[in-house]
1. Looking at the stretch B:206-219, which of the residues that are surrounded by fewer than 21 Cβ atoms within 10 Å (Cβ to Cβ) and of a type in the set (Gly, Ala, Ser) is nearest to the other protein chains (Cβ to nearest Cβ)?
2. Would a scan of the stretch B:118-127 turn up a residue that is at the interface with chain A (Cβ under 9 Å from one of its Cβ atoms), buried (at least 20 other Cβ atoms within 10 Å of the Cβ) and touching a Gly at 6+ places or on another chain (Cβ under 6 Å)?
3. Just for helices (runs of 4 or more DSSP H) wholly inside the stretch A:234-348: which have at least 1 residues that are within 25 Å of A:ALA47 (Cβ to Cβ) and aliphatic (A, V, I, L, M)?
4. Output the residue which, of all residues in the stretch A:219-253 that are touching a Pro at 6+ places or on another chain (Cβ under 8 Å) and at pLDDT below 95, is nearest to A:SER295 (Cα to Cα).
5. Out of B:TYR222, B:TYR200, which single residue is assigned to a helix (DSSP H, G or I), over 25 Å from A:ASN217 (Cα atoms), more than 12 Å from chain A (Cβ to nearest Cβ) and aromatic (Phe, Trp, Tyr)?
6. Within the stretch A:201-214, which residues are facing chain B (nearest Cβ under 9 Å) and of a type in the set (A, V, I, L, M)?
7. Given the options A:GLY312, A:GLY298, A:GLY286, name the one that is more than 16 Å from A:VAL34 (Cβ to Cβ) and of a type in the set (Gly, Ala, Ser).
8. Exactly one of (1) closer than 30 Å to A:LEU104 by Cα; (2) without any contact (Cβ under 8 Å) to a residue 12 or more places away in the chain; (3) among the β-branched types (Val, Ile, Thr) is unmet by A:ILE195. Its number?
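The values are calculated or read from the model by the stated rules, or taken from the named source; none is laboratory data. Please read all numbers here as calculations on a predicted model, not as lab measurements. A quick note on method: Cβ atoms are made from the backbone with ideal geometry, for glycine too, and the neighbour counts reach across all protein chains shown.
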Amino acid sequence: MASTITSPATADDRVAARSVGARLLSRPEIGSLVGAAVILVFFLIAAPPFRDINNTGTILYGAALIGVMAVPVALLMIGGEFDLSAGVAVTTSGLTAGIFAYQLSLNVWAGILLALVVSVAVGAFNGWLLMRTGLPSFLVTLGTFFILQGVNLAVTRLTSGAVASNSISDMDGFGAAKAVFASEFKLGGITIKIIIVWWILFVAIAAWVLLKTQIGNWIFAVGGDAAAARAVGVPVKKVKIGLFMTVGFFAWFTGMQLLFVQNGVVQSGEGVGKEFLYIIAAVVGGCLLTGGYGSVVGGAVGALIFGMVQLGVVYAGWNADWFKAFLGVMLLLATIVNLVVRSKAEAR
Amino acid sequence: MSTTQSFADEAATSPNTPIVLLEEVGKSYGNVHALRGVSLSVRQGEITCVLGDNGAGKSTLIKIVAGLHDYTSGRMSVNGEERHFSSPRESLDSGIATVYQDLALAPLMSVWRNFFLGNELTKGPFKQLDVAAMKRIAQEELTKMGISIPNLEQPVGKLSGGQKQCVAIARAIHFGAKVLILDEPTAALGVNQSGVVLKYIVKARDAGIGVIFITHNPHHAYLVGNHFVVLKLGRVALDTHRADITLEQLTTEMAGGSELEALSHELRDLAPGAQDENPAGEKE
């Protein structure tokens, strides 16, 4: 240290420039990219239908269904928090739009708007309660998870008398809404569901926000060290509540997809357990469970791995029961690979 | 010290109104009085050292000035105006920057991101971060302070304790701090690194900044301080100018003064021959 004071040189010759390889390896998403490549090659060999280009759209669709929610969940995790209610919040959103529009015989878009308000409000409530009480987000959102799960079932039963909401497929605005949230188109012979396009768009925007804007810098900071962030003037509470509201927004979007892809019907018990898939995608993608580190692109790759494994198991002719076991193994492998790759990259 | 003369010169040229002035400030948490009747003034280009044992009220004092807590009695004025800060942001906006013991740097974030945290530079209609400019300025500012960090993409957690302190101090100075509060900046550092940090403190003072230097090391305080305030159980036990005290007196005062003497007698009675090994009562 002493020598560095007397010679305020611009460069320090003790440290050699890091190679491009080492810099690449220090990216948070690198472990998931390696994992995705390995899984791709594995299923290309083990499952012949996997090689069929027509199935690419199906695989991407499976990935997008998880991937859209993995975007805010990854951001939230980088911001140092969890949301266990994210899975059932999607169902709540779909049910709100469906039940509201049906019961009041309104235009479908009125239901969609109300669902947006409700979903973002649920997120804001999670964030507010968390900031207000200082409880761990695990507990707060576990509470919301059960509340939403119960409300979903009870309100659906009250209004439709069944476990699913009444169909809104013949109501005004359904066609337009379906075109936005759940349509599909052909691209070079492959059927592409519109949610895949949305997914890619969301990932691009969120990755840009995270890495290239002030808000992104603040997200890293509140997850890395909330006290430090607050001390330099970062509005920690606003950032965290904002992140929960972002989860709410994406839950709304995914809920709309759910509603319109199923011809305007939502099963009230749906969504339980999905929250873990979003978290798995984020963790596989290199997000640290403790916050302050991670990547949106990594979360997308995590979702892609999910999509590939989900269909790969089926295409390989194995019993689909094995899928969850495979997923668990993937999660462990990916986190270990992330750990090893990161320590290697840092050692260079 | 050869710098004593320059201290005196600065004291003569510095404006009469202190930048931060605390008059009889107190802070209670319920029925606990953490701070009672503390007066303190911080002037431009001066280093005010606040010394005290653990629990003496040093942390409470800086939290009040830094805007983390509000005071419950007395009066704090900044630039002659009475103020109650409700957030660190308000304190920062008044030109008061605090470098905490635990640094206020996010360990997993890169050096340049930490340097600009809360004050990010943006460009273009979409308010995109101006990464190139931020890296350049961070490098320039650090070099100006004589800190050499070759890779600004490095996470701050990988820097040494002294480097971290210096990044935090350089950041505070760059963002126009008029008053710099340093919370035990040398407490966790080795001898060499403490020296580096003390040099930056002097540089900050020379840049015309009013420094509040919190420490429980009288040696470090005496090396750089113009003014010394010793806190004891939430009260000011000593408030003196550099000219009116020697290092020995400061050390004794800091270590407990008469209490220490009593303790030393007590120990002598208990274990003859093993007394007075460490009269300074140094813990670090």
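1. In this case the residue turns out to be B:ALA207.
2. Among the residues of the stretch B:118-127, at least one is at the interface with chain A (Cβ under 9 Å from one of its Cβ atoms), buried (at least 20 other Cβ atoms within 10 Å of the Cβ) and touching a Gly at 6+ places or on another chain (Cβ under 6 Å), which makes the answer yes.
3. On the way: elements: A:236-261, A:274-284, A:296-315, A:322-347.
In the stretch A:234-348, A:274-284, A:296-315, A:322-347 are the helices (runs of 4 or more DSSP H) which contain 1 or more residues that are within 25 Å of A:ALA47 (Cβ to Cβ) and aliphatic (A, V, I, L, M).
4. A:GLY224
5. Numbers: B:TYR200 fails: more than 12 Å from chain A (Cβ to nearest Cβ).
Criteria check complete, one pass: B:TYR222.
6. Restricting attention to the stretch A:201-214, the residues satisfying the condition of being facing chain B (nearest Cβ under 9 Å) are A:208, A:211-214.
A:LEU211, the sole residue that qualifies.
7. Numbers: A:GLY298 fails: more than 16 Å from A:VAL34 (Cβ to Cβ); A:GLY286 fails: more than 16 Å from A:VAL34 (Cβ to Cβ).
Selected residue: A:GLY312, the only one of A:GLY312, A:GLY298, A:GLY286 that is more than 16 Å from A:VAL34 (Cβ to Cβ) and of a type in the set (Gly, Ala, Ser).
8. (2)
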